[in-house]
1. Once you keep just the Cα pairs under 8 angstrom separated by 6 or more residues, what percentage relative contact order results for the chain?
2. Under the 0.36 nm per residue contour assumption, what length would be gained going from the current alpha-carbon distance of Ala58 and Thr138 to full extension?
3. Please compute the volume of the convex hull spanned by the alpha-carbon atoms of the range 121-161 and report it per residue in Å³.
4. Take each of the peptides 93-99, 154-160, average the number of other beta-carbon atoms within 10 Å over its residues, and list them starting from the highest.
5. Between Ala131 and Thr171, what is the spin-label point distance in nm, taking each point 7 Å from the Cα along the Cα→C-beta axis?
6. May I have the convex hull volume per residue, in Å³, for the Cα set of the range 64-168?
7. If only Cα atoms are counted, what is the Rg of the range 64-103, and what is its Dmax, in Å?
8. Take every Cα-Cα pair in the chain and report what % of them are more than 23 Å apart.
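Each reported figure results from applying straightforward, stated rules to the coordinates on display, with no laboratory input. The structure presented is a predicted model; accordingly, all values stated were derived computationally and were not measured. We place every Cβ from the backbone using ideal geometry, glycine too, and count neighbours over all the protein chains shown.
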Amino acid sequence: HNTGSTPTDANLGAVQLLADQASTDIQIKKGRVTIAGGGSETATFDKLIVSYDTSKAADANVTLGPGVDIASIDQLGGKVNNYSNSAAAAIEVTGGTHTIEGSGAVTALTADGGTVTASGTGTITTAKAKAGGVIDWTKSDKPRTVTNAQLDANGTLKTSDVVTYTNGIVTNEKQLDT
């Protein structure tokens with residue numbers, strides 16, 4: 001619920017987790033947490049739920065190391081720094097900020113009220129920016145591929161010339177931020 005905020009290693013969270021069961025779910029509401037943040041550490045689990053206690057933007061600060069193998073992420077608030085190099089079936093951000101830096105592919109990426117900075121090099125099969133959601137591809141000059149991109153009313157896609165949108169971008173009453 002409420003972890004310590006001062007880690008012994010400034011590059012890691014105050015709480016450091018490893019998991020090795022594909023059926024494990026992890027929920028974080030508050031604190032600074034690192035999962036498999038050490039150089040050769042690995043973690044396998046089914047679902048990560050990042051929410052909040054009192055401050056939607058600041059309660060949870062989660063870092064996923066490159067060795068994290070996860071099926072899905074549901075983010076309702078807080079901050080997630082995602083360095084995973086393994087594929088994820090679904091990342092849904094309804095609050096907070098989520099930064100993708102790893103090389104893991106994502107089958108379904110949805111920003112529905114939260115902000116995603118998609119700087120990782122893994123292919124994204126389907127990306128959707130729904131009402132209040134932002135997907136930003138402008139923070140990196142790394143080439144990336146998005147197979148299907150969808151922009152709903154009141155959503156925002158910040159596009160980049162280094163991203164290949166294989167099937168273009170389908171829009172529903174909202175302008176692109178290019």
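1. Relative contact order for the chain comes out at 12 percent.
2. 26.4 nm
3. Spelled out: Cα convex hull of the range 121-161, divided by residues, is 61 Å³.
4. Top of the packing list down: 93-99, 154-160.
5. Each label point lies 7 Å from its Cα, and together they span 2.0 nm.
6. Measuring per residue, one finds 72 Å³ for the Cα hull of the range 64-168.
7. That works out to 9.5, 25 Å for Rg and Dmax.
8. So the pairs more than 23 Å apart make up 37 percent of the total in the chain.
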